[in-house]
Amino acid sequence: MAIRLSKIVLAAALLLGAALFFSSESRAGSCCGGGGASALVLPKFSQGLVDLSFDSEKYHGFWNQDGKYTPDAPGSDLGQYRLNIGIAKRIAPRWQASMSMPYIWNINKYSGLSSRTDGLGDTAINLWYETYDRPRSVMSVSDWEDLLPTITIGTSLTVPTGISAYDNVQSSFDVTGRGFYRVDANALVDKTIHPVTISLLLSYGMYLERPVDREYGKYVQPYNKKLGDRMLGTLALGYISYLESRKVLTYTVSFSALQEAEGQINGEHDPTTGFRKESVAGTIALSSVDSDWTYKISWSHAIKEDGWGRNFPTTDITTLGVSYGFR
Amino acid sequence: MASVKLLCMCALLLALCCCGSTREDLYPSGKDKRPTVQAGTIGPAVGQQAPDFTLPDIHGNPTTLSASAKLPTAKGVVIYFTMWCPTCDSEMSNMRDAVMPRFPNVIYYAVDYVSGSFDGARNSELDNGYAGSGFTTLVDTSQSVLNQYQATMSTTVVIDSAGVVRMNENYKDGAKLQEILGGLP
């Protein structure tokens with residue numbers, strides 16, 4: 001029974017990780033720069049984690065200012081590829097810290113132009129606090145307390161380690177980061193009643209204002225710029241299954257809504273900025289009770305229809321990942 | 001042992017993190033570092049004589065900058081470099097809605113440097129809803145004008161009727177563009 005419960009705990013942790021995995025948003029590739037790093041969350045009894053993943057993000061048009069889906073230029077093949085490395089470490093019984101950094105390749109081909117550039121993306125540093133002493137995954141509900149979810153709260157700092165439009169670059173194709181620090185407040189609510197898990201991630205982020213004196217390598221009249229506040233919500237539903245080989249398979253589907261408010265130029269609202277994106281995703285994760293390795297594959301899809309976003313590229317992201325947990 | 005490995009990884013990531021952030025001055029002094037230019041020289045910088053060019057529009061008709069700027073009905077020319085992306089769309093639609101009505105006696109060019117053909121540029125213009133919008137789309141198949149003006153996506157150039165560059169920077173909220181256009185003689 002204890003082993004079975006630990007399997008459930010592990011699976012729940014995987015799902016929780018999967019939910020956060022989709023918080024990785026990108027605004028990259030063809031035009032808009034930046035690949036975001038995802039946040040890692042440790043299972044309750046894990047001491048550390050190393051995570052390696054590879055994202056392939058393909059662009060298939062965008063939603064315009066009015067939310068109308070618009071295809072990319074004919075004959076174009078636009079993509080961003082990210083190799084993400086992340087580590088997480090428990091620093092106290094209820095506290096954990098993590099860091100994720102992507103290395104990004106922008107590979108874009110238009111009918112009349114091709115470009116291939118690469119560089120570090122923006123780095124995410126996260127601090128999480130678990131509001132609970134022990135996991136609340138249950139096999140069945142026999143008491144109202146069995147319905148209590150686990151709540152993890154945290155904060156993230158995005159460090160602009162990527163190449164931004166305000167760096168010494170020549171072209172928008174060179175951009176791998178947004179060039180701004182961002183601080184997020186995060187809350188993760190998670191509940192597993194075997195074999196189903198549901199989790200909700202809520203995040204609110206604020207960018208720090210910064211001065212700008214050059215754009216794409218050209219010096220310009222200095223001004224102050226601030227990107228708009230960002231809200232993210234991800235709802236994930238998972239199903240845990242056990243294989244004959246003592247392996248655990250978790251299937252997760254999720255829905256994410258991301259919104260960034262209008263930015264500011266010298267304190268004045270910039271109506272050309274701000275965006276919204278809604279997407280769905282599916283993840284399959286495989287892990288073994290006897291091993292600390294976890295393998296996962298996921299696919300995130302932006303719906304190429306009017307109204308599912310605004311002022312943002314529509315992309316499909318395929319991810320392959322592997323992680324190793326330290327007990 | 002595991003903790004030591006993790007700490008090493010942390011140190012490595014932190015080092016990479018620091019290396020990355022040192023490449024860019026994230027908090028410049030605010031001092032205007034634009035190089036001074038000599039009036040009368042030809043180049044893309046503000047104050048220089050705009051490099052002349054001839055580009056075809058989406059129907060293949062050649063358009064020459066110097067001829068456009070000197071039209072008696074035009075106070076100047078705005079050139080916007082587009083790759084038909086969300087940022088491009090939001091800025092072009094802002095220009096169309098907020099700037100063009102205030103400054104109708106200015107010529108607006110959208111330079112498409114990615115489509116590579118008249119047909120491609122025409123399709124992009126249609127797909128993005130800019131056919132008949134007030135922008136004349138020019139097709140820069142060899143990126144020659146893009147390079148002449150040291151431009152990229154979102155670069156907005158203003159040239160007055162004397163052929164002098166008045167602005168060459170990213171489009172932002174439209175305020176700077178309106179200020180420059182308002183100051184044209």
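The values are calculated or read from the model by the stated rules, or taken from the named source; none is laboratory data. Because the structure is a prediction, the values reported are computed rather than measured. Cβ atoms come from the backbone with ideal geometry, glycine included; neighbour counts cover every protein chain shown.
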Among residues of the stretch B:128-153, those that are at the interface with chain A (Cβ under 7 Å from one of its Cβ atoms) and closer than 18 Å to B:Met92 by Cα, counted: 3
Residue within the stretch A:228-250 that is among the aromatic types (Phe, Trp, Tyr) and either crowded, with 17+ Cβ neighbours inside 10 Å or part of a loop (DSSP other than H, G, I, E, B) (or both) present: no
Residue list for the stretch A:99-123, filter: touching an Asp or Glu at 6+ places or on another chain (Cβ under 9 Å), within 23 Å of A:Arg182 (Cβ to Cβ) and within 10 Å of chain B (Cβ to nearest Cβ): A:Ser100, A:Met101, A:Tyr103, A:Gly119
Failed criterion for A:Ile104 (all others in (1) over 18 Å from the mean Cα position of the chain (by Cα); (2) more than 27 Å from B:Ser142 (Cβ to Cβ); (3) of a type in the set (A, V, I, L, M) hold): (1)
Scan of the stretch A:57-98 for residues that are of a type in the set (A, V, I, L, M), within 11 Å of chain B (Cβ to nearest Cβ) and assigned to a strand (DSSP E or B), ordered by number: A:Leu78, A:Ile85, A:Ile87, A:Ala88, A:Ile91, A:Ala97
Within the stretch A:172-186, tally of residues that are modelled with pLDDT of 95 or more and among the aliphatic types (A, V, I, L, M): 2
Counted residues, the stretch B:41-99 - those being closer than 16 Å to B:Glu169 by Cβ, of a type outside the set (A, V, I, L, M, F, W, C) and facing chain A (nearest Cβ under 9 Å): 4
Residue selected from the stretch B:110-125 under the condition surrounded by 23 or more Cβ atoms within 10 Å (Cβ to Cβ) and outside any helix (DSSP H, G or I), by the criterion nearest to the other protein chains (Cβ to nearest Cβ): B:Val114
Scope the stretch A:293-315; condition buried (at least 18 other Cβ atoms within 10 Å of the Cβ) and under 19 Å from A:Val41 (Cβ atoms); matching residues: A:Thr294, A:Lys296, A:Ser298, A:Ser300
Among the residues listed as A:Leu113, A:Leu147, A:Leu127, the single one being modelled with pLDDT under 95, in contact with a strand residue (DSSP E or B) (Cβ under 8 Å, 6 or more places away or on another chain) and among the aliphatic types (A, V, I, L, M): A:Leu147
Selection from the stretch A:271-280 of residues that are in a strand (DSSP E or B) and crowded, with 22+ Cβ neighbours inside 10 Å: A:Phe275, A:Lys277, A:Ser279
